[in-house]
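Every number here is computed from the coordinates shown, using simple stated rules; none is lab data. Given the structure is predicted, the values throughout are model-derived calculations rather than measurements. Positions of Cβ are generated from backbone atoms using ideal geometry, with glycine treated the same way; all protein chains shown enter the neighbour counts.
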Amino acid sequence: MADIKVVNLSHSYSIGTPFEKKALDNISLEIPHGQMVGLLGHTGSGKSSLVQHFNALLQPTAGQVYVGGVDINSSKITRRDVKHQVGLVFQYPEYQLFEETVYKDIAFGPQNMGLSSSEIDERVREAAGFAGVSEDLFEKSPLELSGGQKRRIAIAGVIAMRPGVLILDEPTAGLDPEGSRLILQNLCSYRRSTGSTVIIVSHNMDDMARIAERLIVLANAALVMDGTPEEVFSEPEKIRALGLNVPQSTQIALALKEKGIDLREPVFTHELLLNAILRIKEAAVC
């Protein structure tokens, strides 16, 4: 079980210089194993800094980070071991593909774990399936493929290490709507099949409203909101004050309310919007 617990976490860059900047300010939170979490916030809010603490890429200026009950910064060994438990896919990970073939790129992580050839092959094929990478592409160079295919290959490379926690920083950035849909569909399928924790850093409110069961919102290095999509998006003015958008369906519901049509319930997905409008229509007919 790879629960994450953050206790009074702070982090500053360039300490002691004129460029010193606080990226995280006394953050505490817990993420139970198996949760699908959306991490939201304006550019510079601290989102990427926070998730880089989850697998010890960054070390706290103050506070602790626990994964599976272990303080991951207690030693070099725990910092090394957590990288097998918590997989992090950076924004635009396709720029980090470097092997000659798709197969070798996906296999890179398992090889570094010292697994046998048969175990590596099993993990490559399993991860490719979860990420939507066709085995027909295994012998191709990643450089020959589309942006969406490269993104899925990079995700597969992290999944192949079978982390208990999978973190993705803006996994749909720069992709067309169909490419974005496929990435998110594969991530939801992966989470259902494995029970792993999935944490997605995103600016896309519609995506997060649709697939996340919990939303964590950062602003100015601090945690400012934490709850279900219904709880978070029931405060649209607070979201907007943080410089963020609300889902399109919420925008429509607010516009209807201004015209005297109150849907009388939080609306944050297209399905909820449609159902609320239909209920009003049925009530009007009766």
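Side notes on the structure shown:
- Condition check for LEU168: outside any helix (DSSP H, G or I), touching a strand residue (DSSP E or B) at 6+ places or on another chain (Cβ under 9 Å) and under 30 Å from VAL65 (Cβ atoms): yes
- Members of the stretch 7-36 found to be outside any loop (DSSP other than H, G, I, E, B), under 17 Å from the mean Cα position of the chain (by Cα) and buried (at least 17 other Cβ atoms within 10 Å of the Cβ), listed by number: ILE31, MET36
- Extreme residue, surrounded by the most Cβ atoms within 10 Å (Cβ to Cβ), among residues of the stretch 201-252 that are among the acidic types (Asp, Glu) and more than 25 Å from LYS22 (Cα to Cα): ASP207
Okay, residues lined up against (1) surrounded by 18 or more Cβ atoms within 10 Å (Cβ to Cβ); (2) more than 16 Å from the chain's Cα centre (by Cα); (3) not charged (D, E, K, R); (4) not in a helix (DSSP H, G or I):
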site: LEU58; (1), (2), (3), (4): yes, yes, yes, yes
site: GLN64; (1), (2), (3), (4): no, yes, yes, yes
site: ILE77; (1), (2), (3), (4): no, yes, yes, no
site: ARG80; (1), (2), (3), (4): no, yes, no, no
site: HIS84; (1), (2), (3), (4): no, yes, yes, no
site: GLY87; (1), (2), (3), (4): yes, no, yes, yes
site: GLN91; (1), (2), (3), (4): no, no, yes, yes
site: GLU94; (1), (2), (3), (4): yes, yes, no, no
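- Any pair with Cβ under 7 angstrom, 6 or more apart, that starts in the stretch 40-69 at a residue that is in contact (Cβ under 8 Å) with a residue 12 or more places away in the chain and over 24 Å from ASP207 (Cβ atoms) and ends at one that is of a type in the set (D, E, K, R) and assigned to a loop (DSSP other than H, G, I, E, B): GLY68/ASP3
- Spans of helices (runs of 4 or more DSSP H) in the stretch 202-286 with at least 2 residues within 25 Å of HIS33 (Cα to Cα) and within 22 Å of the chain's Cα centre (by Cα): 205-211, 229-233
- Selection from the stretch 69-90 of residues that are farther than 18 Å from ILE199 by Cβ and not aliphatic (A, V, I, L, M): GLY69, ASP71, ASN73, SER74, SER75, LYS76, THR78, ARG79, ARG80, ASP81
- Residues satisfying the stated conditions in the stretch 181-192, i.e. surrounded by fewer than 18 Cβ atoms within 10 Å (Cβ to Cβ) and within 12 Å of ARG162 (Cα to Cα): none
- In the stretch 115-151, the residues that are under 17 Å from GLU100 (Cα atoms) and basic (Lys, Arg): LYS140, LYS150, ARG151
- Flag if GLY69 is farther than 30 Å from GLN149 by Cβ and under 19 Å from the mean Cα position of the chain (by Cα): no
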